[in-house]
Amino acid sequence: MDKVKLSNILLEGVSLFEIQVIIKTDYNYNRVEIYNMIRALKGVVVVTVEQNSYLDSRRTNLHEYSLLHMKYISTKDPSSDIRKIQLDSKTSNKIRGLLQFIPRLKTIRKVGSY
């Protein structure tokens, strides 16, 4: 009889997705710290910041924008899982200085299965 490994059970049916997310942050907060707090959210694997001149031009003395390429784990529905991450950033793991978390749902793409 084959042994069932806990790691195999935990990773069964897990897929990795990538999405673009636009965030609006308070100008008085350190953006790098906000990026790190997003990286710490449950399900988030990798966050890469893309330099974007259009979003940089939208900066004011109150807020600024960033474009993130985020990889995250999904077990069933990637759209609902990114919405859970979005909700988590505003509620149970509220990120100070994060004003808006806007996932660009049309950019979701699968990058792997495990």
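The values are calculated or read from the model by the stated rules, or taken from the named source; none is laboratory data. All figures in this text were calculated on a predicted structure; none of them were measured in a lab. Counting neighbours? That spans all protein chains shown, and the Cβs are built from the backbone with ideal geometry, glycine included.
Of the listed requirements (1) in contact with a Gly (Cβ under 9 Å, 6 or more places away or on another chain); (2) at pLDDT below 95; (3) surrounded by fewer than 16 Cβ atoms within 10 Å (Cβ to Cβ), Gly112 misses just one: (1).
Just checking, does the range 63-75 include any residue being basic (Lys, Arg) and under 12 Å from Pro103 (Cβ atoms)? No: zero hits.
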